[in-house]
Amino acid sequence: MGNTIGLRCQVSSFILEPNFSHERNSAKAPLLLCNHLHMSTETEIIPNNDQELVARTQGGDPSAFDELVVRYSPRLYGLIYHMTSNHEDTNDLLQDVFSKAYRSICNFRGKSSFYTWMHSISVNMTINFLKKRNRRQHPSLNDPDSNIENDPDFIAATSNGNGDPTKQVSIHELQKKLNTAMMKLSHDHRIVVTMFDIQGMPHAEIAKILKISEGTVRSRLFYAHRQLQNSLHEFKKN
Amino acid sequence: MSHEKMHRVIRLKRYEQPPEGYFDDFLRDFHRRQRAELLKPSVRTLLMERLHALLSEFRVPSMAFAGAAALAVIASIAIISHPAQSTAPRAFAASYQQTPVTIPKMQPVSLRVDPQSQRSGSLFPPAYMLNARPANHESPLSF
């Protein structure tokens, strides 16, 4: 099964030629993407599926990169969206992130996982974008999934504790308050809250992506939670 | 609100999802943008094209470029083979090459003996008088 076999890259020269055909299992030899890599006839099994897709992309198979886009776009979308609070900005940034990753994939040597590499690109580009955007931010929030209504945490957060439905706050009201509280955080604090609280990433992974120590991740989280508590305390009182 | 409660409330944001079908369209959009990027010439390409167009308007024969290049090489060799000397001694020498100050010609002044002083006796030495005018009539500098 050709797709599950990783291909080793070797130093060689080749002609760069863009190929946008996305046919899987093409009989044609794939055109090479990187000028220092080529597909070896010698094959070896690579257990990590990302590595295999990366090797195929480096070998000039664009369909392999498509698989990586499909695999990573929901997760990276969430990361960028919760940082920007704007769907349109997120869409543009995510496109740029994948374009940059595709252009730079020849430089990816596998020292870190592809997952970490992609997240690092996304974080850097998002923070750069936010620095440029500065104050001109207009939130464009996505509607929460209807499943939120059945989430016990949502019920607990929106009821007044007496079970009185008339006192319940709406989904949109909660969303607005959460977003306002998040946007009050600095970029550095918001990114750790997004990765840890919303995306459920472990401290070690966050530390690797942000190139900081785990202790710094914990302290940033602590500080961010305290700020969020203050912001949401007002919401609870109202 | 404890940190655990805070964590649970913030986690509710994961329900905010893009419109349905967004991720299906995303890949198509990505391909479209990639093609557009390929068609869009880079700044460097544009600059080179313009430079080429500008040079082609001059219609300079190709041998002229070779001649100019050879001239540049000769000039650079000449500059290298004659290393520039320090300018400090030159400046010092130049200060001495300035126009010298012209000193007006001095005319000899003749003296004559005052005949009255000769008559008065030999107790006093004869008085001498200037027989010529001074060279100029400028008033002497006062100190």
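The values are calculated or read from the model by the stated rules, or taken from the named source; none is laboratory data. Since the model is a prediction, treat every value here as computed from it, not as a measurement. Every residue, glycine among them, receives a Cβ derived from its backbone with ideal geometry; neighbour counts consider all protein chains shown. We work out accessible area using only protein heavy atoms, side chains counted, and drop any ligands, DNA or RNA first. Shrake-Rupley method; radii C 1.70, N 1.55, O 1.52, S 1.80 Å.
Of note:
- Neighbourhood charge, 9 Å Cβ-Cβ cut-off, centred on A:Tyr115 and excluding it, Lys, Arg +1 and Asp, Glu -1: -1
- Estimated at the nearest 10 Å², the accessible area of A:Phe222 is 110 Å² with a 1.4 Å probe.
- For A:Met201, nonlocal amide neighbours, meaning residues 5 or more places apart or on other chains whose placed amide H falls under 5 Å from its own, are A:Phe196.
- Computed packing ranks the peptides B:3-16, A:204-217 as B:3-16, A:204-217, most packed first, by mean other Cβ atoms within 10 Å.
- Long-range HN-HN contacts of A:Ser140 with modeled amide H, under 5 Å: A:Asn86, A:His87
- Shown in residue order for segment A:184-198 are the 3J(HN,Hα) couplings computed by the Karplus curve 6.51 cos²θ - 1.76 cosθ + 1.60 at θ = phi - 60°: 6, 6, 6, 4, 5, 7, 5, 5, 6, 5, 4, 6, 7, 6, 8 Hz (x for Gly and Pro).
- Pairing chains A and B buries close to 3700 square angstrom of accessible surface in total, based on protein heavy atoms and a 1.4 angstrom probe.
- Peptides A:103-115, A:188-200, B:65-77 ordered by average Cβ neighbours within 10 Å, highest first: A:188-200, A:103-115, B:65-77
- Near the amide H of B:Glu16, within less than 5 Å, lie the amide hydrogens of A:Asp145, all on another chain or at least 5 residues away, with H placed in the peptide plane.
- Debye-formula intensities of segment A:71-132, expressed as log10 I(q)/I(0) at q = 0.27 Å⁻¹, are -1.19 (one equal scatterer per alpha-carbon, no solvent).
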